[in-house]
Amino acid sequence: MTIAENPADLLGGGVPAAEREERLEAGAATLTGRTGAPSILLNERFLVGVAGALTTAGLVAIILGWLGASHSILVVKQIPYLISGGLLGVALATLGGLAYFTHWLAVLLREIRAQEGVRRQEHAELIATIREERAADHQRLVEAIRDLRRPRPLKP
């Protein structure tokens, strides 16, 4: 077995580590990157506006249904008001509440993503520090191999 001329050949083979790390970072960036425009459904103002409109429309429908049913003595004449005003109003108010809930989730999601961005930056700094340490260790190892290969004078 012979010792390679270049000490770095002893330390690794195949694709260099720097190239592998660059490919990994590019793949991670592709996975996390957004390609399209943000959804209008996650827009804060849109969700609040829809929620307010649906809830208001629901309450108005309930009030109109109650007013119509209150002017009638016969139950048969009250049922259409119950169906058109009461049930439609409850459905609209429920949809408005769900839109408010979706708005709340969108705000929560934005805050979580902002916190993850800070964590990603900290991780990137840690990875950079580790790379620098690895490069220094690699250089020390190469120097140690070169030192071992230097001819030493024989002691008489």
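The values are calculated or read from the model by the stated rules, or taken from the named source; none is laboratory data. The model shown is predicted, which means the values in this text are computed figures rather than measured ones. Cβ sites come from the backbone with ideal geometry, for glycine too, and all protein chains shown count toward neighbours. Side chains included, ligands, DNA and RNA excluded: accessible areas come from the protein's heavy atoms. Shrake-Rupley method; radii C 1.70, N 1.55, O 1.52, S 1.80 Å.
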Residue ID - most open to solvent (accessible area, probe 1.4 Å), chosen from residues in segment 113-156 that are among the small types (G, A, S) and more than 28 Å from P16 (Cβ to Cβ): A114
So S72, is it in a helix (DSSP H, G or I) and polar (S, T, N, Q): no
Residue list for segment 126-156, restricted to those being among the charged types (D, E, K, R) and modelled with pLDDT of 85 or more: R131, E132, E133, R134, D137, R140, E143
Y81 vs. criteria more than 30 Å from E22 (Cβ to Cβ), touching a residue at least 24 places away in the same chain (Cβ under 8 Å) and open to solvent by 90 Å² or more (accessible area, probe 1.4 Å): no
Enumeration of residues in segment 28-51 that are exposed (fewer than 10 other Cβ atoms within 10 Å of the Cβ) and modelled with pLDDT of 75 or more: R45
Any chance R110 is open to solvent by 80 Å² or more (accessible area, probe 1.4 Å) and over 25 Å from the mean Cα position of the chain (by Cα): no
Test: residue in segment 90-113 that is assigned to a loop (DSSP other than H, G, I, E, B) and of a type outside the set (F, W, Y): no
Residue satisfying condition, being open to solvent by 70 Å² or more (accessible area, probe 1.4 Å), closer than 30 Å to I127 by Cβ and either at pLDDT 85 or above or not β-branched (V, I, T) (or both), within set P7, P16: P16
Residue check, A57 surrounded by 13 or more Cβ atoms within 10 Å (Cβ to Cβ), at pLDDT below 85 and part of a helix (DSSP H, G or I): no
Neighbours by Cβ (under 8 Å, 6+ apart or cross-chain): first from segment 44-72, in contact (Cβ under 8 Å) with a residue 60 or more places away in the chain; second open to solvent by less than 60 Å² (accessible area, probe 1.4 Å) and not β-branched (V, I, T): E44/H103; E44/A106
